[in-house]
Amino acid sequence: MERVKTGVPGFDDLVEGGIPKGYNVLLVGQPGAGKTIFGLQYLVNGANLGEKGLYVSLDSSNEMVKSQGRRFGWNVDGLESKGMLSFLRVPLDKPKINLFDILVDEVKASGATRLVFDSLVDFAINVDQFVVPLSPVGGPLADEKEQETVERYNKLRYSVLPATSEKDRAFYKGGSAKRITYLVINELSKLGTTNIIITDEKIEGEHFTVDGVSEYVCDGVIVTYNQLIGAKRARTLAVLKMRNTNNSPYIHDLEINKDGIKIKPAEEVYV
Ligand SMILES: Nc1ncnc2c1ncn2[C@@H]1O[C@H](COP(=O)(O)OP(=O)(O)OP(=O)(O)O)[C@@H](O)[C@H]1O
Ligand SMILES: [Mg+2]
């Protein structure tokens, strides 16, 4: 199995040398846990190995993402001007954005084989802004009317949320945040890139993520924590799952130093 090295010091050893090529890996974590830095580091390291990367941001400006990298001395601007790194900010103030077409176009145009999507939560909050494909995802449709709506929209290939008629609105009531999240992940996996999909952690409850579905749909899940221990916050990381991989079962220290993120071996956590 071909594996894609993140190059984040200490991380690849936790997953048999890297993320299996073409996988969707969810990076879940609390605010400030280091998700954006991890994602950018994955792309910068790839670019330095000759693999092109695309950073898709739904909230932060490209400048905000790049400036974090510059602080660590990463050559984000040089790599961008050589076409090894691309930054796409999806505008959230323009209605009816066809995110999926944009992603397909950008992946093609950039030649990226690594992609970071930051973040699923920003997508879900702004879902009304987006055009979402309507191919039925599993399970029989409720009735003929629903079938008709799907067929009609499938002809157009995409549909717009929120629905414009009462009839469609009724249909979309069944299109929960879970389903929409499922669709996004599904679309991302069709791109052929190896993806890190960033999302927020749900603090309470049985699920790791806010949507409660992405952790099952993705091929791998990395969890980052930014927890209060005594009077100090400590960052840690764990690999919750990675299909086809004997991944580390431990919680590892995650350090952000002048060079970026570094993951420590498990032994150091327990000394
Ligand atoms: N140059 C630096 N040196 C050390 N620590 C840094 C540096 N730059 C950022 N940090 C730490 O990293 C944190 C931000 O990391 P990052 O943006 O990757 O978090 P995140 O998980 O993406 O957060 P959010 O949920 O807000 O998007 C900052 O809050 C800061 O504590
Ligand atoms: Mg972030």
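Below, the figures for the structure above:
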{"quantity": "Criterion: in contact (Cβ under 8 Å) with a residue 24 or more places away in the chain and open to solvent by less than 10 Å² (accessible area, probe 1.4 Å) - qualifying residue of PHE87, PHE72, PHE38", "calculated": "PHE38"}
{"quantity": "Close pairs (9 angstrom Cβ cut-off, 6 or more residues apart or separate chains): open to solvent by 10 Å² or more (accessible area, probe 1.4 Å) and more than 10 Å from ligand 2 (Cβ to nearest atom) in region 53-67, of a type in the set (A, V, I, L, M) and not in a strand (DSSP E or B) anywhere", "calculated": "LYS66/LEU40; LYS66/VAL76; SER67/VAL76"}
{"quantity": "Pairs, first open to solvent by 10 Å² or more (accessible area, probe 1.4 Å) in region 111-127, second within 14 Å of ligand 1 (Cβ to nearest atom) and in a loop (DSSP other than H, G, I, E, B), C-beta under 6 Å, six or more apart", "calculated": "VAL121/VAL210; ASP122/LEU58; ASP122/ASP59"}
{"quantity": "Residue match in region 1-15 (condition: within 16 Å of ligand 2 (Cβ to nearest atom) and over 23 Å from ASN244 (Cβ atoms))", "calculated": "no"}
{"quantity": "Region 78-101, residues that are away from ligand 2 (no atom under 16 Å from the Cβ) and either modelled with pLDDT under 95 or under 26 Å from LYS178 (Cβ atoms) (or both)", "calculated": "PRO91, ASP93, LYS94, PRO95, LYS96, ILE97, ASN98, LEU99, PHE100, ASP101"}
{"quantity": "Matching option when the condition is within 17 Å of the chain's Cα centre (by Cα) and modelled with pLDDT under 95, among VAL25, VAL104", "calculated": "VAL104"}
{"quantity": "Conditions (1) open to solvent by less than 10 Å² (accessible area, probe 1.4 Å); (2) within 13 Å of ligand 2 (Cβ to nearest atom); number of the one not met by GLY46", "calculated": "(2)"}
{"quantity": "Within region 208-236, considering residues that are surrounded by 15 or more Cβ atoms within 10 Å (Cβ to Cβ) and over 16 Å from the mean Cα position of the chain (by Cα), the one nearest to LYS5 (Cα to Cα)", "calculated": "THR236"}
{"quantity": "Filtered residue count, region 4-23, keeping only those that are within 16 Å of ligand 1 (Cβ to nearest atom) and either surrounded by 23 or more Cβ atoms within 10 Å (Cβ to Cβ) or in a helix (DSSP H, G or I) (or both)", "calculated": "2"}
{"quantity": "Enumerated helices (runs of 4 or more DSSP H) restricted to region 154-271, each holding at least 2 residues that are modelled with pLDDT under 85", "calculated": "166-173, 177-190, 266-270"}
{"quantity": "Members of region 24-47 found to be aromatic (Phe, Trp, Tyr) and near ligand 1 (Cβ under 9 Å from one of its atoms), listed by number", "calculated": "PHE38"}
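The values are calculated or read from the model by the stated rules, or taken from the named source; none is laboratory data. Predicted model, so just to flag it, every value in this text is computed and none were measured. Please note: Cβ atoms are built from the backbone with ideal geometry, for glycine as well, and neighbour counts cover all protein chains shown. Just the protein is used for accessible areas: all its heavy atoms, side chains included, with ligands, DNA and RNA removed. Shrake-Rupley method; radii C 1.70, N 1.55, O 1.52, S 1.80 Å.
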